[in-house]
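What follows is one structure encoded as structure tokens, with my remarks underneath.
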Amino acid sequence: MSSPALTSAQAEAAQPRGLRAARPRGPRVPRGLPFIVPYLPFLIAFGIAPMLYALDLAVTNANGGVTGFHNFVRTFRDYRFVPAFEHILLYTSVWLGTLIVFVVGLALLLHGRANRVSATFRFLFYMPGALAGAASVLVWLFMLDPAVSPGSFLLRHVLGAQLFVQSIAPGHLPFVFAMIAFWTGAGGWIVVMYGALNTIPDELEEAARIDGAGPFTIALRLKLPLIRKWIAYMIILSFATGTQLFIEPQLVNEASLGLVPDTWSSNQLAYQLAFRYGDFNAAAAIAVDLLVIGLLAAVLIVTRTGLFRREG
Amino acid sequence: MALRTFKGSAPQWPWSRRLRRTMLTSLVAVGLAVAVGACSSGSSTSSASAGSASGKVGGSLTVWVDSVRLPVAQAYAKAHPNVHVHIVTFDGDANGATTLQAKIQLWNRTGKGWPDVIFSEQVNDPVWMAQKPFDFAEPVTGLIKQSVLSQWPAPSTAQCTINGTQYCVQDNLAQVVLWVNKKLMDKFGYTVPTTWQQWAALGQKVATQHPGYVIGTSGESFSHWIYFWGNQCPLEQLQGSQLLINTADAHCTEMASLLDPVIKDGTVPPLSVFTPDFAKKYGGADDKVLMMPGPSWYAQAVFQATLHIPAGQMTAAMPLQWANETPVTTGQVGGGPWIIARHSKNLATAADFVTWATTVFNPTGANARAGYPAYAPLASKWLASLATNPYFAADPTPALKAAASLIWKGWNLVTYPDQPVWSNTVVTALVAGKSLSSLLPAFGSALGQAAQAAGYQVTR
């Protein structure tokens, strides 16, 4: 941990060293196995097997012949490939940025409040997320239409949109989708972060306060470093979700009668390649691209934040 | 992409009421909006069709239809108790939805599940259905008697003919005419234009004399089918193995220059008639639609059901002529086909169904077919009852009938959807204030890319 000396010293004080050191270190795998057995068949059937199938499709052609990287080169040269990944990159950065800042910020704010106030707000924040993905996009279609939106003055003044077609102008889209995704997903993460903050022992906070730390110092220098791993976890999951954006642009495409291209995101492009062109191999190649991007991001975050590092 | 399954003649769904109240008009595609006016099934003739070639009619039959064609399927089921009709409705979306492609790919991969008959709102669907990798459509020649097939107008048959074989029959014709609000035109003292030039000049006059009124729209996903198809702009013209896409052709640039001033002055706004914004600004009792070049099905689907323009105002005028060029040609938007699956185990019944739906089914009154029947003998009957329809300010049938044979033949149907290309390269930029003329090159290259991705060899 690279956090201030105060924090780590206190943290170690709270977890007596002897306790962990005394734990017998037997063979871990057999002991852990019963815990993951119920999950394992599902992981294999719905996670590993489709992934292997995609890998297989990505390096073969329609007749099953091995083609190496041909599908990857072919899809990369597709005129929709680069724009789709550009959209996704911009969208994911906007969304992840707001997600980290607001989720952590709001969770820290809530944690400092009295219990009842914070419970009310947690509930309020969670509410938009209770709508299932597609349904929330439908609600957002109304929100984005100045003719019917309760926030039409915002649309007029912030987006400069008098009409629905102006709300969803190409330049607005990454931000519009980021906003939709933020409001449907942030509530859940605020609850998770709040839970994470609750694991911080009271004594630590008390000790910090005695040492003269104000609420800001406590939030930024004590609580924030201690929930760093939860934040990393959120980033890994959200990064994968972000790069695999599908339902928002797909529904907006249909609602806007085609004003938004049906290959706006890379995942949509894969879908179109598979089902409009019957080119499952090219679609698999894009799916593998997304897998690699997600894995790279995960590895980077895991190694940088020490997500799986165990202290002691 | 929710599928609704109906068995036999299920109760009617109050689509129109729901649609009217909500923003769904913008959520569903053009096609569903078309449905609005014509969703209630009525009494229909129950005589059996005599047009299908020999074969035993009976057993079970699965048909996929859009909501407008639901009454046809239900009426067939009622009239044919010996056929167990399983009806599935789906979204016939033109704007990027891939329901049918996705389904057919999956059926092909699993080797089962194909329906016997599909109705598609997309006039170009048979083109890809008849080819690899879909290989879905069965030729109709041989299944339906030649004497019956010959009653479809030649351009319609040509659109169903892929590589020399006829794979479908069109349910309706969707010829573009000039829809006119006779009441408003009389009130303002305007005469109905006969050429595009007169139409555009009148638009500029309207912009100053009666601002707020419109003479058309440029924001439909199919606006280029109205303006550019009608004016012989080669945007999808098959020349042997090559596909010609030439937005620099004079027929294209002239039309764009003609439209630019009227798009700019707001009389041809880049808005779709199916958006709540349009209905709010230009629809209702004090409607602001002075004229609108559009397909035959606009009467019920747009003016009556979507914009709620009162009866006694609208009528159809002849398609607009380009200056003094002859012959006059017009565009087309729609003309949905019926396709029989080559995987069907009950081809005789499938053919009987398609024949019945296109040549027999013709309810009257409020339940009348929304579109101009493609089958000529049925069209005459349909026109006769339309002529006395009190909704129209004047008899629209002469213009509709004349336009049916004026559809320009230089526009070929292609496997890829070109309409979303217009929407996302042109309409979005028109909304942002760009001129149509400046967008034509980008539109052409976007169409070219879409065509190449679909496997066409493109000539620009």
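Table for the structure above
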{"quantity": "Where residue B:285 falls short, out of the listed (1) over 20 Å from residue B:331 (Cβ atoms); (2) under 21 Å from the mean Cα position of the chain (by Cα); (3) assigned to a loop (DSSP other than H, G, I, E, B)", "calculated": "(2)"}
{"quantity": "Residue within the stretch B:248-271 that is acidic (Asp, Glu), over 30 Å from residue B:164 (Cα atoms), away from chain A (no Cβ under 14 Å) and part of a loop (DSSP other than H, G, I, E, B) present", "calculated": "yes"}
{"quantity": "Matching residues in the stretch B:296-337 - criterion: being among the β-branched types (Val, Ile, Thr) and closer than 22 Å to residue B:186 by Cα", "calculated": "B:302, B:309, B:315"}
{"quantity": "Tally of residues being surrounded by 21 or more Cβ atoms within 10 Å (Cβ to Cβ) and of a type outside the set (Gly, Ala, Ser) across the stretch A:240-250", "calculated": "5"}
{"quantity": "Considering residues of the stretch B:391-404 that are small (Gly, Ala, Ser) and within 16 Å of the chain's Cα centre (by Cα) only, the residue surrounded by the fewest Cβ atoms within 10 Å (Cβ to Cβ)", "calculated": "B:404"}
{"quantity": "Of residues in the stretch A:257-272 being of a type in the set (S, T, N, Q) and outside any loop (DSSP other than H, G, I, E, B), the one farthest from the other protein chains (Cβ to nearest Cβ)", "calculated": "A:266"}
{"quantity": "Wholly within the stretch B:346-460, helices (runs of 4 or more DSSP H) carrying at least 1 residues that are closer than 30 Å to residue A:258 by Cβ and among the basic types (Lys, Arg)", "calculated": "none"}
{"quantity": "Residues of the stretch B:167-188 satisfying the condition of being outside any loop (DSSP other than H, G, I, E, B) and of a type in the set (Asp, Glu)", "calculated": "B:186"}
{"quantity": "Every residue from the stretch B:207-244 that is assigned to a loop (DSSP other than H, G, I, E, B), of a type in the set (Phe, Trp, Tyr) and either away from chain A (no Cβ under 14 Å) or without any contact (Cβ under 8 Å) to a residue 24 or more places away in the chain (or both)", "calculated": "B:213"}
{"quantity": "Hey, residue A:228 in contact with a Pro (Cβ under 7 Å, 6 or more places away or on another chain) and more than 14 Å from chain B (Cβ to nearest Cβ) or not", "calculated": "no"}
{"quantity": "Criterion violated by residue A:116 - all others in (1) over 17 Å from the mean Cα position of the chain (by Cα); (2) crowded, with 18+ Cβ neighbours inside 10 Å; (3) assigned to a helix (DSSP H, G or I) satisfied", "calculated": "(2)"}
{"quantity": "Of all residues making up the stretch B:374-390, the number that are closer than 18 Å to residue B:146 by Cα, surrounded by fewer than 22 Cβ atoms within 10 Å (Cβ to Cβ) and in contact (Cβ under 8 Å) with a residue 60 or more places away in the chain", "calculated": "2"}
{"quantity": "Matching entry among A:257, A:307, A:251, A:269 (being among the hydrophobic types (A, V, I, L, M, F, W, C) and at pLDDT 90 or above)", "calculated": "A:269"}
{"quantity": "Qualifying positions in the stretch A:48-61 - out of contact with any helix residue (DSSP H, G or I) (no Cβ under 8 Å at 6 or more places or on another chain) and over 13 Å from residue A:288 (Cα atoms)", "calculated": "A:49"}
{"quantity": "Single match in B:133, B:115 (criterion: at pLDDT 95 or above, farther than 23 Å from residue B:364 by Cα and part of a loop (DSSP other than H, G, I, E, B))", "calculated": "B:115"}
{"quantity": "Residue list for the stretch B:280-297, filter: in contact with a His (Cβ under 8 Å, 6 or more places away or on another chain) and at pLDDT 90 or above", "calculated": "B:290"}
{"quantity": "Of residues in the stretch A:35-85 being in a loop (DSSP other than H, G, I, E, B) and within 25 Å of the chain's Cα centre (by Cα), the one farthest from residue A:281 (Cα to Cα)", "calculated": "A:39"}
{"quantity": "Members of the stretch A:188-212 that are touching a residue at least 60 places away in the same chain (Cβ under 8 Å) and either surrounded by fewer than 16 Cβ atoms within 10 Å (Cβ to Cβ) or more than 28 Å from the chain's Cα centre (by Cα) (or both)", "calculated": "A:198, A:201, A:203, A:204, A:207, A:208, A:211"}
{"quantity": "Residue identified as touching a residue at least 60 places away in the same chain (Cβ under 8 Å) and either touching a strand residue (DSSP E or B) at 6+ places or on another chain (Cβ under 6 Å) or within 13 Å of chain A (Cβ to nearest Cβ) (or both) among B:117, B:123", "calculated": "B:117"}
{"quantity": "Residue match in the stretch B:388-411 (condition: within 24 Å of residue B:159 (Cα to Cα) and acidic (Asp, Glu))", "calculated": "no"}
{"quantity": "Index of the failed condition, residue A:148 passing every other in (1) in a helix (DSSP H, G or I); (2) within 14 Å of another protein chain (Cβ to nearest Cβ); (3) aliphatic (A, V, I, L, M)", "calculated": "(1)"}
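Residues checked against (1) at pLDDT 95 or above; (2) among the hydroxyl-bearing types (Ser, Thr, Tyr); (3) surrounded by fewer than 17 Cβ atoms within 10 Å (Cβ to Cβ):
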position: A:63; (1), (2), (3): no, no, yes
position: A:77; (1), (2), (3): no, no, yes
position: A:82; (1), (2), (3): yes, no, yes
position: A:91; (1), (2), (3): yes, yes, no
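The values are calculated or read from the model by the stated rules, or taken from the named source; none is laboratory data. This structure is a prediction, so every number in the text was calculated from the model and none was measured. Positions of Cβ are generated from backbone atoms using ideal geometry, with glycine treated the same way; all protein chains shown enter the neighbour counts.
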